[in-house]
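Student: Just dropping this structure here.
The values are calculated or read from the model by the stated rules, or taken from the named source; none is laboratory data. It should be emphasised that the depicted structure is a prediction, and the values quoted were computed from it without experimental measurement. Every residue, glycine among them, receives a Cβ derived from its backbone with ideal geometry; neighbour counts consider all protein chains shown.
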Amino acid sequence: MIKSLLIIKRLPLHFATKGARDMARKEFIRLLESNILTLDRLAERLRKEPLDAGLYPKNQMTVLVRLHMGGRARLKEIARRELVPAPNLCATFRKLERDGLVARTIDENDRRNTWYECTPAGEKLADKAMEMFRCAISRLFENIAPADETALTGALKIMNEILTKMEIKHV
């Protein structure tokens, strides 16, 4: 044991620092994993909440809300952003367009591109769905202690800033 301590003392500083970084990284990964799993369980509760009083299937409402939040875009961009195959997304948009919630425009400069955006009726329905979603989140956390809510709000702000930076770097 004494011999191993002597060997450690002779190691350059960067080896000891690397070990500390590895330990910190493992703790980071463990905490992130735990939080992702917990958030997934909470999200599952939220997914069970209705988005629009049942007028449209949840997948159509999700696409409508995400289009509203993301703004006018080409089909390929939306499919890439939402991680949904373009043909599936196209079928959903056709249904929403039929009901007057989404407008489709062919790009005049490149007719291979199709632009999608929410109509005023689509925006109104998406806003209603988002309000219902926010109410569900509020109910989910209605019994949280004020101090815990303040601490969680601060942590979420920091997490949001870091994740936004990561997202910008990887675009």
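Student: Answer yes or no as to whether Arg81 is assigned to a helix (DSSP H, G or I), in contact with a Gly (Cβ under 7 Å, 6 or more places away or on another chain) and among the basic types (Lys, Arg).
Tutor: yes
Student: Sticking with this structure for a sec: In segment 51-78, how many residues are among the acidic types (Asp, Glu) and part of a helix (DSSP H, G or I)?
Tutor: Residues that pass the stated criteria total 1.
Student: Of the conditions (1) out of contact with any helix residue (DSSP H, G or I) (no Cβ under 8 Å at 6 or more places or on another chain); (2) within 27 Å of Ile168 (Cβ to Cβ); (3) surrounded by fewer than 13 Cβ atoms within 10 Å (Cβ to Cβ), Pro85 satisfies every one except a single condition; which number is it?
Tutor: The number of the failed condition is (1).
Student: Something else now. If you check Ala129, Ala103, Ala73, Ala79, which single one turns out to be farther than 27 Å from Ala43 by Cα, surrounded by 15 or more Cβ atoms within 10 Å (Cβ to Cβ) and either at pLDDT 95 or above or of a type in the set (A, V, I, L, M) (or both)? Explain how you work it out, then say what you get.
Tutor: Working: Ala129 fails: farther than 27 Å from Ala43 by Cα; Ala73 fails: farther than 27 Å from Ala43 by Cα; Ala79 fails: farther than 27 Å from Ala43 by Cα.
Answer to the selection: Ala103.
Student: Has segment 30-50 got at least one residue that is more than 19 Å from the chain's Cα centre (by Cα), modelled with pLDDT of 90 or more, assigned to a helix (DSSP H, G or I) and not aliphatic (A, V, I, L, M)?
Tutor: Yes, the conditions are met somewhere in segment 30-50.
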